[in-house]
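Rule-based calculations on the coordinates, nothing more; no lab input. These figures come from a predicted structure and were not determined experimentally. Heads up, the Cβs are rebuilt from the backbone with ideal geometry, glycines too, and the neighbour counts pull from every protein chain shown.
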Amino acid sequence: MCETNALMTGLVEKNSEEQIVWLPVGYMYKQVSARTAWLKAESVEDIYSVSGCISHDFGDWINEWKHNGYWLFDRPDIMESIALQKGIDLSTMQLFFYRASAREWDTFDEVWLDYTPEPSFETNVQPPKETILEGYDVVSFSCGNQCECSPLSCNHLAESIPVNRHCLFERYEDALSLLHSPELKRCEPGPYRLFEVHRVLST
């Protein structure tokens, strides 16, 4: 389990060539989808992908303009207020907290690029008290703001790449390896960011 202090610290993970600094980027309530027959990955039970293509976000939140500069939410209660106004039942949904790599991978030039939260939105992510780190995802950001596609689920890469039961990488090293894989070039255009996917136990 992960506690508040660890989640808010820029943790540096190293391998032989690269280092990853993880930044807290926000929360999202999602309607988690079970694996359906179109994804032929028998080890997968459900989809915890950051992308909203399969496990959808809790509602039409963008037009409320209450998200932060990472196009997620600083606190769960902001989403809960939106859901109350719109009559959305969150009781069947799962609350996730995300940390993302501080840089994004340009698949065309094959270099790491800096990015920042969109300055027109306030960004002040409040950490959860307790989470479970469920795995790691790779997410496209061709428009530079909102999370787009997760190749493991959206592009069926989980059918040929080992993943856990939530359609996530078990280790960040495996997510990092995908960035350098030719398989990624056949997916959505980048750049791509790495994500830690935390299931929130207590806020």
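Shown here: the chain, whose C-alpha atoms stretch 45, 38, 32 Å along the first, second and third principal axes, sorted largest to smallest. For the pair the stretch 68-100 / the stretch 184-201, the C-alpha centres are spaced 19 Å from each other.
Where in the stretch 99-142 is the amide nitrogen less than 20 Å from a point lying 7 Å along the Cα-to-Cβ axis of residue 65? Residues passing the 20 Å test: 117-124.
If you take every residue apart from residue 115 with its C-beta less than 11 Å away from the C-beta of residue 115, what net charge results, scoring Lys and Arg +1 and Asp and Glu -1?
Numbers: positive: 103, 193; negative: 104, 106, 114, 118.
Here the count lands on -2.
Spin-label pair residue 34-residue 203: with each label point 7 Å from Cα along the Cα-Cβ axis, the two points sit 2.8 nm from one another. The region of the chain that goes longest without hitting one of the trypsin sites (Lys or Arg not before Pro) in a DSSP loop, each with at most 16 other Cβ atoms within 10 Å, is 67-128. Here the stretch 96-178 is described by how far its Cα atoms reach on the three principal axes: 40, 38, 20 Å, from widest to narrowest. With R₀ fixed at 25 Å, the C-beta to C-beta distance from residue 173 to residue 114 puts the FRET efficiency at about 0.65.
Taking neighbour counts of Cβ atoms within 10 Å as a proxy for exposure, in what order, fewest first, do 106, 57 appear? Mind showing how you got there, number by number?
Numbers: 106 14, 57 18.
Lowest count first: 106, 57.
In order along the stretch 88-104, the Karplus-derived 3J(HN,Hα) couplings, from 6.51 cos²θ - 1.76 cosθ + 1.60 at θ = phi - 60°, round to 9, 8, 8, 5, 9, 9, 10, 8, 10, 10, 10, 10, 10, 4, 6, 10, 10 Hz, and Gly and Pro are given as x.
A cut-off under 14 angstrom between Cβ atoms defines the neighbours of residue 81, and their net charge, with Lys, Arg +1 and Asp, Glu -1, is -1.
The simple Förster model, with R0 at 30 Å and r as the Cβ-Cβ distance, assigns residue 89 and residue 143 a FRET efficiency of 0.50.
Using only Cα coordinates, the Kirkwood hydrodynamic radius of the stretch 66-121 works out to 13.8 Å.
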